Amino acid sequence: MSDAVKFLTSVGQALSVMGLYPAGHPSRERAVDASFDLLRQLVQGETAPRFSFLEGDVIYGRQVVRELAGWEWGSRLASAGIQRIEFLEGVERDEYAGWLADMLQRIAGETPASAEARQLYPGSIRYGAVEVRGAKERGLESIESADGAEPPSLDAEAEAIEWMHREVQQLGRLPLLEAEAVVRSLSLAMHSQSQIRLPLLQLKSFDQYTTTHSSNVAVLAMGLAEYLGLGSREIRQFGVAGLLHDLGKVRIPKEILVKPGKLSDEEREVMQRHPVDGARLILERETRLETAAFVAYEHHILLDGGGYPRLRYARDCHYASKLVHVCDVYDALCTDRPYRAAWESSRALDYLAERANLEFDPEIVQTFTAMIRQWNESRTLLEPPDPANAPAAPA
């Protein structure tokens, strides 16, 4: 991570110097040389290093670079339509200098000599927008994978979610930065191919349910929010709410969570406390996560007022709660549980339609169904974690 920080810092320094001096000036050439040397070191240590710039955050691969939070040049690049950059093997010094000049022109709002620039770096430096469709419309180099590529692995995200749950369970601490980093990483995975996909996890053991379900609901909630045309900030806000909707389950004994048979009345009472516990855990640690707290509290309340927890007075639930409720039930139905096998997607969609106007908002169900039928859904198997190699806190 330190090499990535040094390299990006050098990019900012090179762009600053290039803005002051004309081509060929010694100061300009020295700044480009210094930055290119750091790039070569970075490429030697990792194949195709990739950076993303999203709403003030810098993401290296799939990890948020905390040292560069609010990095000015990242925001400038993103505003110029450069939200992703990937460096492949074989980048040469002249290619790199030409790319920096291109970036400087884009940041200044000028149209670069694209034809000449593309001759300089034909595929060695790939860049563009996170939104695949927008990248093509703006004529930028896309970095998406080809159709038919394998869906991205979500092992790192699953490990981060497991670690988050342990932090809450053992220390009562909600690591918000890591939660937001997971959501941003899932968003990148959704847009990593030539069309938007829904990368979902499939559990291998019932112990993994809370982890896989949290990730899947976050993906489905972000997908649905995007399908509805909401803004990027709202999309990730709904993603965080989906990720944390079952947070209260960290206080439920494991034997109840994975019990194969019917729950007793006492066990059901314990299980039904998790919405209240989850909302309390969120509000106690992060008062700015109001939407996530609403969702944690309301995601089991039915449209007709049933469900749990019981409301003292009849009222409408938060829109995000109704949206996450649909995503929550769909993924639960499509996942193996101790007491039943997973349903096919079509059967789960039929259930949502049958329960619209009673349990679910009918407009949300209709839109969700259209999204599932239009966008490809891929479920990858999550291997059980090795107890001897428990993941540490995400860097």
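The values are calculated or read from the model by the stated rules, or taken from the named source; none is laboratory data. Everything numeric in this text was worked out from a predicted model, so none of it was measured. For neighbour counting, all protein chains shown are included, and Cβ atoms are generated from backbone atoms with ideal geometry for every residue, glycine included. Protein only, heavy atoms only, side chains kept; ligands, DNA and RNA dropped before computing areas. Shrake-Rupley method; radii C 1.70, N 1.55, O 1.52, S 1.80 Å.
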Return the total of residues in the range 131-161 being at pLDDT 65 or above, charged (D, E, K, R) and surrounded by fewer than 16 Cβ atoms within 10 Å (Cβ to Cβ). 1
If you check every pair at least six apart or on different chains, which have Cβ atoms under 7 Å apart with a residue in the range 7-20 that is under 12 Å from Leu42 (Cβ atoms) first and a residue that is open to solvent by less than 40 Å² (accessible area, probe 1.4 Å) and of a type in the set (Gly, Ala, Ser) second? Ser10/Ser35; Val11/Ser35
State the number of residues belonging to the range 67-102 that are touching a Phe, Trp or Tyr at 6+ places or on another chain (Cβ under 8 Å) and in a helix (DSSP H, G or I). 10
Keeping to the range 255-270, report how many residues are surrounded by 11 or more Cβ atoms within 10 Å (Cβ to Cβ) and closer than 20 Å to Ser205 by Cα. 5
So which helices (runs of 4 or more DSSP H) are wholly in the range 314-388 and hold at least 3 residues that are open to solvent by 50 Å² or more (accessible area, probe 1.4 Å) and in contact (Cβ under 8 Å) with a residue 24 or more places away in the chain? none
Please find, among Val276, Val326, the residue that is modelled with pLDDT of 95 or more, β-branched (Val, Ile, Thr) and over 26 Å from Arg233 (Cβ atoms). Val276
With more than 29 Å from Pro199 (Cβ to Cβ), touching a Leu at 6+ places or on another chain (Cβ under 8 Å) and not in a helix (DSSP H, G or I) as the only criterion, which of Gly261, Gly305 stands out? Gly305
Pairs with Cβ under 6 Å, 6+ apart, first in the range 206-229 and farther than 16 Å from Leu381 by Cα, second aromatic (Phe, Trp, Tyr) and in a helix (DSSP H, G or I): Ala221/Phe238; Leu224/Phe368; Ala225/Phe238
Could you grab me the full set of residues in the range 312-341 that are over 25 Å from the mean Cα position of the chain (by Cα) and aliphatic (A, V, I, L, M)? Ala314, Ala341
When you check Glu298 against the structure, is it open to solvent by less than 10 Å² (accessible area, probe 1.4 Å), out of contact with any Leu (no Cβ under 7 Å at 6 or more places or on another chain) and of a type in the set (D, E, K, R), yes or no? yes
Take the residues of the range 34-57 that are part of a loop (DSSP other than H, G, I, E, B) and out of contact with any strand residue (DSSP E or B) (no Cβ under 6 Å at 6 or more places or on another chain): which is surrounded by the fewest Cβ atoms within 10 Å (Cβ to Cβ)? Thr47
Gln63 meets each of (1) in contact with a Pro (Cβ under 7 Å, 6 or more places away or on another chain); (2) open to solvent by less than 60 Å² (accessible area, probe 1.4 Å) with one exception, condition (2)
Log entry, pairs with first residue in the range 237-266 being farther than 23 Å from Gly172 by Cα, second being part of a loop (DSSP other than H, G, I, E, B) and not small (Gly, Ala, Ser), beta carbons closer than 7 Å, six or more apart or on different chains, reads Lys259/Pro338; Pro260/Pro338; Pro260/Tyr339; Gly261/Tyr339
Filtering the range 73-104 down to residues that are among the charged types (D, E, K, R) and modelled with pLDDT under 85, which residue is least open to solvent (accessible area, probe 1.4 Å)? Arg84
Please specify each residue of the range 201-218 satisfying the condition of being over 12 Å from Ile161 (Cβ atoms) and surrounded by 24 or more Cβ atoms within 10 Å (Cβ to Cβ). none
Scan the range 233-254 for residues that are open to solvent by less than 50 Å² (accessible area, probe 1.4 Å) and acidic (Asp, Glu) and report the count. 1
Kindly provide the set of residues from the range 1-21 that are assigned to a loop (DSSP other than H, G, I, E, B) and at pLDDT 90 or above, ordered by number. Gly19, Leu20, Tyr21
Hey, Arg285 hits all of (1) open to solvent by 40 Å² or more (accessible area, probe 1.4 Å); (2) farther than 25 Å from Gln208 by Cβ; (3) within 22 Å of the chain's Cα centre (by Cα) but one; which does it fall short on? (2)
Looking at (1) open to solvent by less than 50 Å² (accessible area, probe 1.4 Å); (2) in a loop (DSSP other than H, G, I, E, B); (3) touching a residue at least 24 places away in the same chain (Cβ under 8 Å), can you tell me which one Leu311 breaks? (3)
Just wondering, is there one or more residues in the range 331-350 that are closer than 15 Å to Ala221 by Cα and modelled with pLDDT of 95 or more? yes
